[in-house]
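The values are calculated or read from the model by the stated rules, or taken from the named source; none is laboratory data. Source: prediction; values computed, not measured. Glycine gets a Cβ as well: all are built from the backbone with ideal geometry, and neighbour counts include every protein chain shown. To get the accessible areas, we keep the full protein, side chains included, count just its heavy atoms, and leave off ligands, DNA and RNA. Shrake-Rupley method; radii C 1.70, N 1.55, O 1.52, S 1.80 Å.
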Amino acid sequence: MKRPVFPFSALVGQEKMKTALLLNAVDPAIGGVLISGQKGTGKSTAVRALARILPPIEVVGGCPYHCAPHDERQMCADCLRRIRAGEQLPVVTRPMPLVELPLSATEDRVIGTLHVEQILKTGERRFEPGLLALANRGILYVDEVNLLDDHLVDILLDAAASGVNLVEREGISHSHPARFLLVGTMNPEEGELRPQFLDRFGLSLTVAGESGVEQRRQVISRRIVFDGDPAAFVADYAADEVLLSELVVRARERLARVRVTDEMLGIAVALAIEVGAQGHRADIGIVKTARALAAFLEEEEVRLEHIREAARFVLPHRITTVALATAELLEEKLEEALRRVARERDDTLETQPPSTSEVDDWEELPMQVPGSMAASNVGMLFTFVAEKKKLSSKPMK
């Protein structure tokens, strides 16, 4: 029996966490998300719920890697050989894979086992797939990632970045596709993640329990109702879940058509430079995240508010100008960076006047500090969802 899963749309509050998860679902190339927070803040619940709203996938029947039957670029060597030989590959539909990696997992369990002795004896290659194979084209969830062995964390992040799992033993190698949405959760009270690993996550955020009395009451009430009759509770939110799923699918289809102007690229670069981000992951991450947000919001072009929202997820864990900073201090430094970039842009506007729409957009930036963004822009995605929900519930005339 499948255990019931609390609906994603029934989660109270935590818009920032839900936004980061949905944006990664639209574009897994963002690089995954690291969610930090104390126990009992809904981290695991949100990840498991996400898998249920993502659309099912078509796979090659019998393939241990869930290869896409109509995309040779995402096929393993065996499926590619079969299709190029003219074979009609069997196609089946299966739910979005969700693989949870236990802390006790060994390297062989994660990457798979290459049976070298059998290869040497018989000449026949035998590979036993691991968790990375099971997670291909799905979600790989690592709870308490900060407690995982550093070597395994490095393997996960390398596979997530390259989309390939390479196993080498005694001069013999085997590779297979490993494209997955990586989600890591952790309780900072149990230890931090090393900076070199932290930077490899595309997005990061810190969550806390709801502080408002009414929201806490809703959390308790919904959980009690769900535990009492899971099937009925899930049915009550079925329409909302379908809507979210449809919005993700449409955003994926629109993603490649979303334009990113040189102006927006320049702002992303300026923000990354302001916080002292090393390398170029921050710049790329801001642009990819902003583009995914624009696609979800059914926009044709990345705008300034999309860049600002993306920066809230991409930059805090890459700020190098402050040592041993708290989450609050990082928010403050990000606010300062946004204001400095705004002032520099204002100076440029004086000498190179842009279009009226660009001026109007940019003039909002100095007023939009992280605190106010948390109250408005973080909910931008879910304000859009609420409007879609209202439209879908209107009776036909």
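Across the stretch 36-147, C-alpha contacts under 8 Å between residues 6 or more apart give a mean separation that, scaled by the residue count, equals a relative contact order of 27 percent. Close amide H partners of N165, meaning residues 5 or more places away or on another chain with modelled amide H under 5 Å apart, are H176, A178.
Close amide H pairs (under 5 Å, H built 1.01 Å from N) link L315 with no residue at least 5 positions away or on another chain. 3J(HN,Hα) along the stretch 182-193: 8, 10, x, 10, 7, 9, x, 5, 9, x, 9, 8 Hz, from the Karplus curve 6.51 cos²θ - 1.76 cosθ + 1.60 with θ = phi - 60°, whole Hz, x for Gly and Pro. The H on the amide N of L181, modeled in the peptide plane, is under 5 Å from the matching H of G138, I139, L140, each at least 5 residues off or on a different chain. Based on the alpha-carbon gyration tensor of the stretch 183-328 and its eigenvalue square roots a ≥ b ≥ c, which shape applies: rounded if a/c is under 1.5, prolate if not and a/b is larger than b/c, or oblate? Here the stretch 183-328 falls in the oblate category. Entry note, the stretch 162-301: relative contact order of 20 percent, from Cα contacts under 8 Å with a spacing of 6+ residues.
Heavy atoms of the protein chains alone define the surface here; on that basis the stretch 1-69 has 33 Å² accessible area per residue at 1.4 Å probe size. Taking Lys and Arg as +1 and Asp and Glu as -1, the other residues whose beta-carbon sits under 13 Å from that of E100 total +2.
Converting phi to 3J(HN,Hα) with the Karplus coefficients 6.51, -1.76 and 1.60 and the offset θ = phi - 60°, the stretch 201-212 yields 6, x, 10, 8, 7, 10, 10, 9, x, 5, 9, x Hz in sequence order, with x at every glycine or proline.
Could you give the accessible area per residue of the stretch 155-204, probe 1.4 Å, as a whole number in Å²?
Working: 2200 Å² over 50 residues.
That works out to 44 Å² per residue.
Probe radius 1.4 Å, ligands and nucleic acids ignored: give me the carbon and sulfur share of the accessible area of the stretch 187-243 as a rounded percent.
Its accessible area is 57 percent carbon and sulfur atoms.
Computed from phi, the 3J(HN,Hα) profile of the stretch 162-170 under the Karplus parametrisation 6.51, -1.76, 1.60 (θ = phi - 60°) reads 8, x, 9, 9, 10, 10, 10, 9, 6 Hz, with x in place of Gly and Pro.
Quick one: with all protein chains in place, what share of the accessible area of the stretch 1-151 is carbon or sulfur, to the nearest percent (1.4 Å probe)? The partial results should precede the final answer.
On the way: 3420 of 6960 Å².
About 49 percent, which is the carbon plus sulfur part of the accessible surface.
May I ask you to order 57-66, 290-299 by the average number of other C-beta atoms within 10 Å around their residues, highest value first?
On the way: 57-66: 18.9, 290-299: 24.2.
Put in order of decreasing packing, that is 290-299, 57-66.
Legend: distances between Cα atoms for K16/K333; K39/K288; K39/K333; pairs beyond 23 Å are K39/K288; K39/K333.
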